[in-house]
Amino acid sequence: MTISVKKLHAQLKREINEYKISIIYTPIVLSIISLAIAIGTFYYFFIAKLGEVSHIKNLYDAVPMAMYANAGLISGVYFWILINYLTSCLYDDRKSKQILFWRSLPVSEGFNVVGKLIMVMVFAPLFIMLINLVMAILFSALALIAANMTGTPMEFPELSANHVLVLPFQIAFDNFFGSLYLMPFIGYFLLVSAGVNRFPFVIALGVPMLLTFMDYLLNQIQISIGVMSAIKQYAQLWVDILPAIGLQAEYHFKSEHLAFLLSSIAVGVIFIIASIWLRNNRYEI
Amino acid sequence: MQAVIQAANVSKSYGKEKVLDNIHLSIPRGKVVGLIGPNGAGKTSLLRGILGLAPVDGDLQVLGMNPKHDREKMIERVSFIADTAVLPNWMTAAQLIDYVAAMHPRFSKEKCLSFLQSTKVGLDKKIGKLSKGMMVQLHLSVIMSIDSELLILDEPTLGLDILYRKQFYAQLLNDFHDADKTIVITTHQVEEIEEVLTDLIFIKEGKIVLNASMDQVAENYIELEVVQEKHHLALAFSPLHQRSTLGGYRMIFEGKSKADLAELGSLRVPALADIFVAKMQGNV
C-alpha cells in the first residue's frame with residue numbers, strides 16, 4: 001500500500017465531495033441556525049429587555065454557554081452523521097456499478113479504508129474545531145456588539161478569560177482522543193459496511209441492541225450471555241477516562257487506562273483489517 | 001515475447017453451473033482481439049477474472065502477474081471499461097479527471113481534455129446530469145488517456161449513436177493503439193469491430209469455440225451462394241451453417257477447399273456476424 005500526499009489529498013477530496021451534504025453542509029447549517037438563535041437571544045436579553053450594566057456580566061458567561069450549546073448540537077448531530085458515514089461508505093459503492101470504476105484505478109482497498117478512517121478520526125475533529133472557532137469569534141463579536149449597544153463596552157480579554165477561544169481546541173482534542181477509544185466501534189461499523197448485504201445502518205445498531213435485549217430477557221431467568229455486564233464494565237472504563245479526554249486536572253493516570261486505550265486501538269485495528277480483507281475478497285459485481 | 005494474457009485450465013462455476021470451462025488462451029502484445037459470444041457465454045466472467053475482479057480457478061497471468069494477488073500493480077498497466085454508466089454521478093467531470101490524475105501514474109490530463117474537446121461534455125457538469133452518451137464519452141476519454149499496455153473494453157459503445165461509435169473505434173486505433181498496446185473488446189455489434197480486429201475469439205457456454213487471427217478466419221471460412229439444384233452437392237461438404245435465400249442458399253464452410261466449392265456457386269469471405277451465427281448455432 002503506497003500512500004502519497006497527493007493521492008491522500010485526492011482521496012479525502014473524493015470523500016468530502018461524496019458526503020458533503022452530511023459532513024460539510026449539515027454542521028454549517030446548524031451553526032447558522034445557532035447563530036440566528038444567539039442573535040435573537042442576545043438582543044432580547046441584553047439589549048431590548050435587560051440593557052443594564054448589572055446584566056453585562058452575564059454576557060461573559062453567555063458566550064461560552066452559546067459555544068457549548070452549539071458545539072453540543074453539532075457534536076450530537078455529527079455523531080449520527082459519522083455512524084451513517086461509517087456504515088455506508090464501504091457499502092454504497094459495492095451496491096452500485098460504481099465499484100467497477102473505482103476498481104479500474106490503482107487504488108488499494110487498504111488505502112481506500114485508511115482514507116475513510118482519516119475522514120472520521122482526523123478530518124471530522126478538525127472540521128468541527130474550525131466551525132467551533134468561527135462560532136467562538138462570531139459569538140464573541142456578538143457579545144461585544146451587545147455590550148457596546150448597552151453603553152458598557154466590554155473588552156475582548158474579558159471574553160478570553162472565559163476560555164472562549166480555547167474551547168474549540170479543547171473540543172477537538174476531546175474528539176480526537178475520544179476517537180482512539182472509540183476505535184472498536186469505528187472498526188465495527190466499517191466491518192458491517194463492508195460485509196452486509198443490506199441495511200448496514202440498521203444492522204450495525206440493531207445487532208448490539210438485540211443482543212443486549214436478549215441478555216436482559218435471559219437475565220430474568222438467571223441466565224447471562226455477558227452482554228450487559230460487558231457494557232457496564234465498558235461504561236465504567238469510560239467514566240474513568242473521561243477526565244483524561246477532557247484534559248481535566250483531577251485526572252490520575254492508571255495503568256488499566258493505558259490497557260483500555262491500547263486494547264481499544266487493537267480491537268479497532270482487527271475490525272479494520274477484517275474490513276479490508278472483506279473488500280478484497282467479496283465479489284458482488 | 002511473453003503473452004499479455006496467458007490462461008491455462010481456467011474455469012469458474014456458480015454452484016453447479018460452469019460459466020468458464022477449461023479455457024486456454026494466449027494473447028500476444030499489440031493485438032486487437034474481439035471476444036465475442038452470446039449472452040451468458042462467459043465473456044464477462046472471463047474478463048472479470050482477467051481483471052482480478054472475480055476469482056477463477058486455473059492458471060491466469062496478465063502481463064506476467066496474477067490478477068488476484070498483484071491487482072494494484074497490474075491495474076497500473078491495465079485499464080478497462082467493464083460496463084457503461086459506472087462513473088460516480090455525484091462528481092463533476094472536472095473532479096473525476098482530477099481524481100484520476102492524482103491516482104493514476106500513467107494518466108494524461110492534457111490528453112483527456114483534448115479528447116473531450118470534440119465532445120459536448122461540460123467539465124463543470126455533474127456526471128449524473130450528463131446524457132448516457134456523454135457519460136460514455138467521458139469514460140472513454142478518461143480510459144484512453146491512460147498509457148496502459150492492455151485495454152479491456154466490455155461493450156464500450158453501448159448507448160452511443162452510430163456516429164460516435166464509428167468515431168470511437170477510429171480514435172481507438174489512431175490515438176491509443178500501437179505495437180505495444182493490446183486491446184480486448186467484447187461487443188454484440190460484431191459488424192462494427194470487424195475492421196479493427198486483428199484476432200478473434202468466440203466463446204460459447206464457457207468454452208472457446210474459435211481462436212484465430214483475422215487472416216486465418218479469412219482463409220478458413222468461406223461463404224458459398226448456391227442455387228437450389230446444387231444444394232445437395234454442397235451439403236456433401238458438411239457446411240457449418242446455411243440459410244435460404246431467394247432461389248437458393250448461403251452456406252458457410254470451415255476449412256474446405258475453395259477450388260472444390262467454387263464449382264458449386266459463387267464464393268466470398270463471410271461477414272464476422274455470419275461466422276458468429278454459424279459457430280453459435282452449430283452444424284447443419
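The values are calculated or read from the model by the stated rules, or taken from the named source; none is laboratory data. What you are looking at is a predicted structure, and each value in this text was computed from that prediction instead of being measured. Cβ coordinates were reconstructed from backbone atoms using ideal geometry, including for glycine residues, and neighbour counts include every protein chain displayed. The area values use the complete protein model at the heavy-atom level, side chains included, leaving out ligands, DNA and RNA. Shrake-Rupley method; radii C 1.70, N 1.55, O 1.52, S 1.80 Å.
I'd like the full set of residues that are open to solvent by 80 Å² or more (accessible area, probe 1.4 Å) and closer than 22 Å to residue B:74 by Cβ, limited to the range B:10-26.
B:24
Need the failing condition index for residue B:125 against (1) touching a residue at least 24 places away in the same chain (Cβ under 8 Å); (2) at the interface with chain A (Cβ under 9 Å from one of its Cβ atoms); (3) open to solvent by 30 Å² or more (accessible area, probe 1.4 Å); (4) out of contact with any His (no Cβ under 9 Å at 6 or more places or on another chain), just the number.
(2) is the only condition that residue B:125 fails.
Restricting the search to the range B:150-181, which residues are open to solvent by 30 Å² or more (accessible area, probe 1.4 Å) and in a loop (DSSP other than H, G, I, E, B)?
B:158, B:159, B:161, B:177, B:178, B:179, B:180
Considering B:87, B:140, which residue is under 24 Å from residue B:167 (Cβ atoms) and outside any loop (DSSP other than H, G, I, E, B)?
On the way: B:87 fails: outside any loop (DSSP other than H, G, I, E, B).
Only one candidate qualifies: B:140.
Could you tell me which numbered condition residue B:137 fails, if it satisfies all but one of (1) touching a Leu at 6+ places or on another chain (Cβ under 6 Å); (2) away from chain A (no Cβ under 11 Å); (3) without any contact (Cβ under 8 Å) to a residue 60 or more places away in the chain?
(1)
Restricting to the range B:205-221, and then to whatever is open to solvent by less than 80 Å² (accessible area, probe 1.4 Å) and not in a strand (DSSP E or B), can you tell me which residue is farthest from residue B:260 (Cα to Cα)?
Only one residue tops the list, namely B:206.
Give the residue, chosen from B:114, B:118, B:108, that is more than 11 Å from every other protein chain (Cβ to nearest Cβ), under 22 Å from residue B:29 (Cβ atoms) and more than 19 Å from the chain's Cα centre (by Cα).
The unique qualifying residue is B:108.
Out of B:74, B:65, I need the residue that is more than 18 Å from the chain's Cα centre (by Cα) and either at positive phi or more than 10 Å from every other protein chain (Cβ to nearest Cβ) (or both). Which one?
Unique residue meeting the criteria: B:65.
Are any residues in the range A:12-23 within 30 Å of residue B:105 (Cβ to Cβ), open to solvent by less than 50 Å² (accessible area, probe 1.4 Å) and either more than 8 Å from chain B (Cβ to nearest Cβ) or of a type in the set (Gly, Ala, Ser) (or both), and if so, which ones?
A:12, A:15, A:16, A:19, A:23, listed by residue number.
Determine whether the range A:247-263 contains at least one residue that is part of a helix (DSSP H, G or I) and either of a type in the set (S, T, N, Q) or at positive phi (or both).
Within the range A:247-263 (the criterion being part of a helix (DSSP H, G or I) and either of a type in the set (S, T, N, Q) or at positive phi (or both)), the answer is yes, since at least one residue qualifies.
Anything in the range B:182-204 that is modelled with pLDDT of 90 or more and either outside any strand (DSSP E or B) or open to solvent by 10 Å² or more (accessible area, probe 1.4 Å) (or both)? List them, or say none.
B:197, B:198, B:199, B:204
Among the residues of the range A:236-264, write down those that are open to solvent by less than 50 Å² (accessible area, probe 1.4 Å) and at pLDDT 85 or above.
Hits for the range A:236-264 are A:260, A:261, A:264.
Residues to consider are B:56, B:100, B:62; find the one that is within 20 Å of residue A:99 (Cβ to Cβ) and at pLDDT below 95.
On inspection, the qualifying residue turns out to be B:56.
Kindly establish whether residue B:86 is modelled with pLDDT under 95, within 11 Å of chain A (Cβ to nearest Cβ) and either open to solvent by less than 30 Å² (accessible area, probe 1.4 Å) or within 22 Å of residue B:30 (Cβ to Cβ) (or both).
yes
Determine if the range B:29-49 includes at least one residue that is of a type outside the set (Asp, Glu), more than 9 Å from chain A (Cβ to nearest Cβ), farther than 18 Å from residue B:206 by Cα and open to solvent by less than 40 Å² (accessible area, probe 1.4 Å).
For the range B:29-49, residues of a type outside the set (Asp, Glu), more than 9 Å from chain A (Cβ to nearest Cβ), farther than 18 Å from residue B:206 by Cα and open to solvent by less than 40 Å² (accessible area, probe 1.4 Å): present.
How many of the residues making up the range B:99-110 are without any contact (Cβ under 8 Å) to a residue 40 or more places away in the chain and part of a helix (DSSP H, G or I)?
Total meeting the criteria: 6.
All but one of (1) out of contact with any strand residue (DSSP E or B) (no Cβ under 8 Å at 6 or more places or on another chain); (2) open to solvent by 40 Å² or more (accessible area, probe 1.4 Å) hold for residue B:135, so report the exception by its number.
Only one criterion in (1) out of contact with any strand residue (DSSP E or B) (no Cβ under 8 Å at 6 or more places or on another chain); (2) open to solvent by 40 Å² or more (accessible area, probe 1.4 Å) is unmet by residue B:135, namely (2).
If I ask for residues that are among the polar types (S, T, N, Q) and over 18 Å from residue B:194 (Cα atoms), which ones from the range B:209-247 would you list?
Passing the criteria: B:228, B:238, B:242, B:244, B:245.
May I ask you to say which residue of B:96, B:113 is closer than 24 Å to residue A:4 by Cβ, surrounded by fewer than 17 Cβ atoms within 10 Å (Cβ to Cβ) and touching a helix residue (DSSP H, G or I) at 6+ places or on another chain (Cβ under 8 Å)? If you could, list the steps in order and put the result at the bottom.
On the way: B:96 fails: surrounded by fewer than 17 Cβ atoms within 10 Å (Cβ to Cβ).
Unique residue meeting the criteria: B:113.
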